[in-house]
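Shown next, in structure tokens, is the structure this report addresses.
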Amino acid sequence: MTACSATKVLVPSSASGRSSLYRLNGLKPAGHKVESRRIRLNARGRLITFLLSVALVFAGLSVGVQHAESTTGPQEVISYTVRPGDTIWSYAASVTPAGGDVSASVDQIMQMNNLSSPRLQVGDRILVPDNQA
């Protein structure tokens, strides 16, 4: 039997000075930065990227846009300053025709004044439809 001894031989690579052993095994020495390749676009690629970006911007803007529509046209309103004890229900009851639904008038007043709650603060100014016009 013959005895065999093995030794590792590191052959430096001409490009980076790193050993070819690392390159063959796919290993990287500690502290070695991984090379990142920058993608370069040709004119067609830049055009497609630009058009996709513009399409995304228009799609995003069109989602947030709401168009105001009014089928009734302009409406006469009366501006009131809220006093102690006043409620939206009392204002709605005063403008609702006899036999009409007061709760529908409450909803209309809340919508006209962009109110999320029927609570009123003394001194607030609210708009109430003028049904006598």
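A short reminder: the numbers here are calculations on the coordinates, not readings from a lab. Predicted, not measured: the structure shown is a model, and the values here were computed from it. Ideal geometry is used to build each Cβ from the backbone, glycine not excepted, and the neighbour counts take in all protein chains shown.
One table, with the values for the structure above:
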| quantity | calculated |
| --- | --- |
| Long-range HN-HN contacts of D124 with modeled amide H, under 5 Å | V82 |
| Net charge of Cβ neighbours under 14 Å - reference I78; Lys, Arg +1; Asp, Glu -1 | -2 |
| Simple spin-label estimate for L41 and Q108 in nanometres, 7 Å along Cα-Cβ | 5.4 |
| Contour excess over end-to-end distance, with Cα ends at D86 and V122 and 0.36 nm allotted per residue | 12.1 nm |
| Net charge over other residues, Cβ less than 14 angstrom from the Cβ of N113 (K, R count +1; D, E count -1) | -1 |
| Spacing of the two label points (7 Å from each Cα toward its C-beta) at Q75 and V63, in nm | 3.2 |
